[in-house]
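Visitor: Sharing a structure, written as structure tokens. Questions coming.
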């Protein structure tokens, strides 16, 4: 394993291989010894009725509404309403209009993020989200790597 070159890593582009090499990751052994700088704990799934302002939570539910909202200052806000068996919450992304095509009404979604209050409305500012039932970046302890040389935590 120490001698297997990173180039043999399946489903990895030459650009990603080049970025690994810039970090000094040349073999599988190097990759296995490239440790996260910290971990985010998204393992506890919170019911929507139990979320509180200021907390970082993970919720899971179905998308019941998705729309773009345009502001005067040319910012687009992507508003998605998620429902679980206890209530509804709005998730807000900024300047990512493609999300409305990706996030379909009726799909399952898991979102980890900060609960905020705007007036009387409670919403979540997402850090991570996943569509469907498979959870890789939410609903568990997630490693966070220092993002260097154009390699994101999700890539590593």
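Visitor: What does the C-alpha gyration tensor say about the overall shape of region 72-136? Classify as rounded when a/c is under 1.5, otherwise prolate if a/b is larger than b/c, or oblate. Mind showing how you got there, number by number?
Guide: Numbers: a/c = 1.76, a/b = 1.20, b/c = 1.46.
Judged from the Cα gyration tensor, region 72-136 comes out oblate (a/c at least 1.5, b/c at or above a/b).
Visitor: Right, another one. Indicate the gyration tensor shape class of region 28-78 (rounded, prolate or oblate), computed on the Cα atoms with a ≥ b ≥ c the square roots of the eigenvalues: a/c under 1.5 is rounded; otherwise a/b larger than b/c is prolate and the rest oblate.
Guide: Details: a/c = 2.62, a/b = 1.57, b/c = 1.67.
Taking the square roots of the gyration eigenvalues as a ≥ b ≥ c, region 28-78 is oblate.
Visitor: Label-point separation (nm) for residue 52 and residue 104, each offset 7 Å from Cα along Cα-to-Cβ?
Guide: 3.8
Visitor: Taking the Cβ-Cβ separation of residue 134 and residue 22 as r and a Förster radius of 35 Å, what is the calculated FRET efficiency to the nearest 0.05?
Guide: 0.70
Visitor: Here's another thing I want to ask about it. Kindly list the residues of region 127-156 that lie in the label zone of residue 95, defined by a backbone N under 19 Å from the point 7 Å along the Cα-to-C-beta vector.
Guide: 127-128
Visitor: Quick check: the distance between the Cα centres of region 107-156 and region 16-73, to the nearest angstrom?
Guide: Answer, in whole Å: 4.
Visitor: Given axes a ≥ b ≥ c from the Cα gyration tensor, I'd like to know whether region 101-156 is rounded (a/c under 1.5), prolate (a/b larger than b/c) or oblate. Intermediate values should be presented prior to the final figure.
Guide: Working: a/c = 2.14, a/b = 1.42, b/c = 1.51.
In terms of gyration-tensor shape, oblate.
All of the numbers you see were taken from the coordinates with simple rules; none came from a lab. Everything numeric here is computed off the predicted structure, so don't read it as measured data. Neighbour counts run over all protein chains shown; Cβ positions are idealised from the backbone, glycine included.
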